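Notes follow once the structure below has been shown.
The values are calculated or read from the model by the stated rules, or taken from the named source; none is laboratory data. Remember, predicted model here, so these are calculated numbers, not experimental data. Neighbour counts are summed over all protein chains in view; Cβ atoms, including those assigned to glycine, are modelled from backbone coordinates with ideal geometry. What goes into the accessible areas is simple: the full protein's heavy atoms, side chains included, and nothing from ligands, DNA or RNA. Shrake-Rupley method; radii C 1.70, N 1.55, O 1.52, S 1.80 Å.
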Amino acid sequence: MTPREECRCWLRGASSIAVLTGAGISAESGIPTFRSSSGESALPPLWKKFRPEELATPAAFARDPVLVWRWYDWRRGLVARAKPNAGHVALAELERRGRRLTIVTQNVDGLHGLAGNRDVHEIHGSIWMLRCTVCGNEWNSMETPLPHIPPACPCGGMARPGVVWFGEGIPGPAWLAAETAAVTCGVLLVVGTSAVVYPASSLVPIARSAGARIIEINLEDTAASNLVDHSLRARAGEALPDLLDF
Ligand code: BV8
Ligand code: ZN
């Protein structure tokens, strides 16, 4: 049996499937990834000199809220133009066909929900959410470009992006759902993530110790590749429709 055939067999027989996705699943929708070479070319010069770890932090926002907001506003513009690709659609189709499927995503682009998946946990938040730094008020805004940078809350307080930055905890309910999915799934699909960001990356060893079969889909080796049963070198937009059309 080839690795592809074995993966299809595991997925067909799985009582429940969990999926951990990263920026790579949205690359074919035109959203640059953070760390892989394929994403670099799409970045305009302004962002080439920054690493995500330098802008996606409370300290960066405190130091220069306008710069951080310009980065998010640029990304919001990209996300607003992005459509779910064949990889997102294959996962939505699987849930529509009644399979027990939980998606845990590190992405803040909302494309899994847009594709039609309902059981989706955005452990790093959403690029469409804003949160007041004074009163904590949270609201959804799809407005791009933002009329004012930085945007203000109705209370007058400055708003921040409603995402989880480095050094911030993952929202409790989302993390509980993510860990539960990793511990109870028969198969964990790890799609388009370099698996360097914690605690998302810990879901792979958690699922492994709970006895799940683990299938990785990526263009290159990752920090999780040595923990998975099969690591398929393929684009998510090709591999997912091929694996899930049972
Ligand atoms: C926390 C939201 C504690 C914002 C993001 C030292 C060692 C280990 C850990 C740490 C450490 N120092 C600090 C830490 C902890 C830190 C961390 O992990 N740092 C890393 C950099 C080492 N983590 C944290 O700070 C987390 N919080 O630990 O808090 C705590 C607890 C309680 C109370 C208080 C505090 C918070 C982490 C969340 C950070 N926020 N994003 C935003 O998006 O702007 S992380 C950011 O990276 C994105 O969310 C992104 O999704 C995520 C992970 O990256 P990937 O998704 O994997 O993307 P990447 O570009 O890296 O890889 C893409 C992959 O796709 C590549 O492999 C590529 O080959 C592949 N690919 C490309 N095209 C395709 C493809 N695959 C398939 N098909 C294709 N077509
Ligand atoms: Zn407020």
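What the table shows:
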| read-out | value |
| --- | --- |
| Filter pass, S194 being open to solvent by less than 40 Å² (accessible area, probe 1.4 Å), within 30 Å of D64 (Cβ to Cβ) and hydroxyl-bearing (S, T, Y) | no |
| Condition check for G87: in contact with a Lys or Arg (Cβ under 9 Å, 6 or more places away or on another chain) and either farther than 18 Å from I170 by Cα or buried (at least 19 other Cβ atoms within 10 Å of the Cβ) (or both) | yes |
| Unique residue being among the charged types (D, E, K, R) and either away from ligand 2 (no atom under 16 Å from the Cβ) or closer than 16 Å to G22 by Cβ (or both) when the list is R233, R160 | R233 |
| Any pair with Cβ under 6 angstrom, 6 or more apart, that starts in the stretch 222-241 at a residue that is more than 18 Å from E28 (Cβ to Cβ) and ends at one that is of a type in the set (V, I, T) | A223/V196; A224/V190; A224/V204; L227/V204; V228/I214; D229/I214; H230/I215 |
| T180 being surrounded by 20 or more Cβ atoms within 10 Å (Cβ to Cβ), polar (S, T, N, Q) and modelled with pLDDT of 95 or more | no |
| Residue count for the stretch 115-136, restricted to those that are assigned to a loop (DSSP other than H, G, I, E, B) and surrounded by fewer than 20 Cβ atoms within 10 Å (Cβ to Cβ) | 7 |
| Check on F34, over 18 Å from the mean Cα position of the chain (by Cα) and either at pLDDT 95 or above or aromatic (F, W, Y) (or both) | no |
| Yes/no for W139 being among the aromatic types (F, W, Y), in a helix (DSSP H, G or I) and out of contact with any helix residue (DSSP H, G or I) (no Cβ under 9 Å at 6 or more places or on another chain) | no |
| Any pair with Cβ under 9 angstrom, 6 or more apart, that starts in the stretch 94-106 at a residue that is at negative phi and ends at one that is of a type in the set (K, R) and modelled with pLDDT under 95 | none |
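Residues checked against (1) within 11 Å of ligand 1 (Cβ to nearest atom); (2) not hydrophobic (A, V, I, L, M, F, W, C):
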residue	(1), (2)
E95	no, yes
H112	no, yes
E122	yes, yes
W128	no, no
V134	no, no
P154	no, yes
G157	no, yes
P161	yes, yes
